[in-house]
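Read the structure below first, then the notes.
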Amino acid sequence: RAKADIGRVVCFYESKMDEAARERHTLAQDLRRAVELDQLELHYQVQTSVRTGEVCGYEVLARWNHPERGKVPPAEFIPIAEESGIILAIGEWVLRTACKQAASWDKRYKIAVNLSPVQFAHADLARLVHEVLLETGLSPSRLELEITESTIIADKTRTLHVLRQIKALGVTIAIDDFGTGYSSLDTLRSFPFDKIKLDRSFMSEVEGSIQAKAIVRAVLTLGRSLEIPVLAEGVETNHQLEILRVEGCDEAQGFFLGRPKPVGQIFLPEESIDAEFPVSFSGRIPLV
Ligand code: C2E
Ligand code: MG
Ligand code: MG
Ligand code: MG
């Protein structure tokens, strides 16, 4: 009887796994056509100076509008795109589209584009970046590329080689989600980063946890010593921003400063005002 139960449990898990695998397979097929069917869209999230509040740039975040499922978040479709190799086409589309859009802005803000480890492994990435810059006319100094430690761990030598080629073009490199990987400190020693993006998990705890605050402080000190600016991700409250100001953080990004928005919405006059936050009423009060 116990054996039969185990059998049933195993069957249950197997069918669940099949289901998950089928689901991924279906999504991968849909994703394959997403670029040509124009289902992908770019959103931009503002990055600001902590000291002055000025806009420094925008991070580019991919969005997938699935015809039946609605909006599929990147946390769901990027891993599928990576395991199926579709990330190469998507990554190229994201880079080209973002550079094209940014080249047409009259404000000369920087854009930060996320790169997948797969793009380092399979594509002549430096050549692609070079081609896209020439094609779109975007100044290389306005492009930042974000990589995570998983890219470095996948192949250190190759990553270093490709990063040097990319930097030679005048493009800058940021280390994303810093503090959550395995070899953070060693990574800072041997890679030519222009910015450290402190993972948002530290921000979510910085108000209540002495440990989190100590780590934030330590990373800021490290950044200053290495002369690499630090950007704090995931700033959701004014209090968090205040802590960053006191601790001397360079830049911040997060819902408090602005949610990711479609390109048509980022330069509206109310660009710094989010609906979730109280706004002082500045319009004319209608006389009734
Ligand atoms: P990431 O590069 O670390 O991007 C920041 C993520 O944090 C974004 O999630 C953003 O919406 C979210 N975020 C920003 N501020 C806040 C905040 O205050 N609170 C909270 N809770 N979240 C905040 P998103 O857009 O869902 O993207 C998730 C991840 O997917 C990205 O993390 C990045 O790793 C990946 N991704 C997105 N677009 C691309 C892309 O074009 N290419 C590649 N390779 N990866 C991408
Ligand atoms: Mg990023
Ligand atoms: Mg990040
Ligand atoms: Mg992340």
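The values are calculated or read from the model by the stated rules, or taken from the named source; none is laboratory data. Note that the structure is predicted; figures quoted are calculated from it, not measured. Cβ sites come from the backbone with ideal geometry, for glycine too, and all protein chains shown count toward neighbours. SASA here: full protein model, heavy atoms, side chains in, ligands and nucleic acids out. Shrake-Rupley method; radii C 1.70, N 1.55, O 1.52, S 1.80 Å.
Remark: pairs (first residue in region 86-104, more than 10 Å from ligand 1 (Cβ to nearest atom); second residue among the β-branched types (Val, Ile, Thr); Cβ separation under 6 Å; 6+ apart in sequence or on different chains) = 89/35; 96/132; 99/132; 99/136; 100/136; 101/263; 102/111; 103/136.
Any chance region 149-158 includes a residue that's out of contact with any helix residue (DSSP H, G or I) (no Cβ under 9 Å at 6 or more places or on another chain) and either surrounded by fewer than 19 Cβ atoms within 10 Å (Cβ to Cβ) or at positive phi (or both)? There is at least one residue in region 149-158 that is out of contact with any helix residue (DSSP H, G or I) (no Cβ under 9 Å at 6 or more places or on another chain) and either surrounded by fewer than 19 Cβ atoms within 10 Å (Cβ to Cβ) or at positive phi (or both).
Could you please let me know if residue 241 is assigned to a loop (DSSP other than H, G, I, E, B) and touching a residue at least 40 places away in the same chain (Cβ under 8 Å)? Taking the combined requirement at face value, the residue does not satisfy it. Filtering region 162-195 to residues that are in a strand (DSSP E or B) and away from ligand 3 (no atom under 11 Å from the Cβ) leaves 172, 173, 195. With a requirement of 1 or more residues that are closer than 22 Å to residue 99 by Cα, open to solvent by less than 40 Å² (accessible area, probe 1.4 Å) and of a type outside the set (D, E, K, R), the strands (runs of 3 or more DSSP E) lying completely within region 21-87 that satisfy it span 40-49, 55-66. Pairing each residue of region 23-34 that is touching a residue at least 40 places away in the same chain (Cβ under 8 Å) and under 13 Å from residue 85 (Cβ atoms) with any residue that is among the polar types (S, T, N, Q) and assigned to a helix (DSSP H, G or I), provided the two are 6+ apart or on different chains, yields C-beta distances under 8 Å for 28/84; 31/84; 32/84. Candidates 261, 213: the one that is away from ligand 2 (no atom under 15 Å from the Cβ), surrounded by fewer than 21 Cβ atoms within 10 Å (Cβ to Cβ), modelled with pLDDT of 95 or more and over 18 Å from the mean Cα position of the chain (by Cα) is 213. For residue 165, the requirement of being under 26 Å from residue 266 (Cα atoms) and either away from ligand 4 (no atom under 16 Å from the Cβ) or surrounded by fewer than 15 Cβ atoms within 10 Å (Cβ to Cβ) (or both) is not met.
Within the bounds of region 170-186, is there any residue that is modelled with pLDDT of 95 or more, loosely packed, with under 14 Cβ neighbours inside 10 Å and not aromatic (Phe, Trp, Tyr)? The answer is yes, given that some residue of region 170-186 is modelled with pLDDT of 95 or more, loosely packed, with under 14 Cβ neighbours inside 10 Å and not aromatic (Phe, Trp, Tyr).
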